[in-house]
1. Out of all the residues in the stretch 43-75, which are of a type in the set (S, T, N, Q) and free of Cβ contacts under 8 Å to residues at least 24 places away in the same chain?
2. For the stretch 26-75, which residues satisfy the criterion of being open to solvent by 90 Å² or more (accessible area, probe 1.4 Å), modelled with pLDDT of 95 or more, more than 19 Å from Glu13 (Cα to Cα) and not charged (D, E, K, R)?
3. Assigned to a helix (DSSP H, G or I), without any contact (Cβ under 8 Å) to a residue 12 or more places away in the chain, of a type in the set (Asp, Glu) and open to solvent by 80 Å² or more (accessible area, probe 1.4 Å), is that true of Glu20?
Amino acid sequence: YAGSEQKEFETIEQDIEKLEERLAACEAEMTENAGDYGRLMELTEEKERLDTLLLEKMERWEYLSELAERIAQSR
């Protein structure tokens, strides 16, 4: 369990929370700009990017959680 993975595990939940907040703000802005096609397209692209980042962070969190659990059990 490398130091960098330990540090990442300590902050990844905050990263996920920030991404979820940005996603919620993006979705709210999409609602506000429903009539502005150009802005709506930009926001849709941003939402897709955030969804992808969030999925990657969640998968990474799962991996780090399992790794930390295995290490704790081996001690």
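1. Thr44, Thr52, Gln73, Ser74
2. Selection gives Thr31, Tyr37.
3. no
The values are calculated or read from the model by the stated rules, or taken from the named source; none is laboratory data. Keep in mind that this is a model prediction, so the values were computed, not measured. For neighbour counting, all protein chains shown are included, and Cβ atoms are generated from backbone atoms with ideal geometry for every residue, glycine included. What goes into the accessible areas is simple: the full protein's heavy atoms, side chains included, and nothing from ligands, DNA or RNA. Shrake-Rupley method; radii C 1.70, N 1.55, O 1.52, S 1.80 Å.
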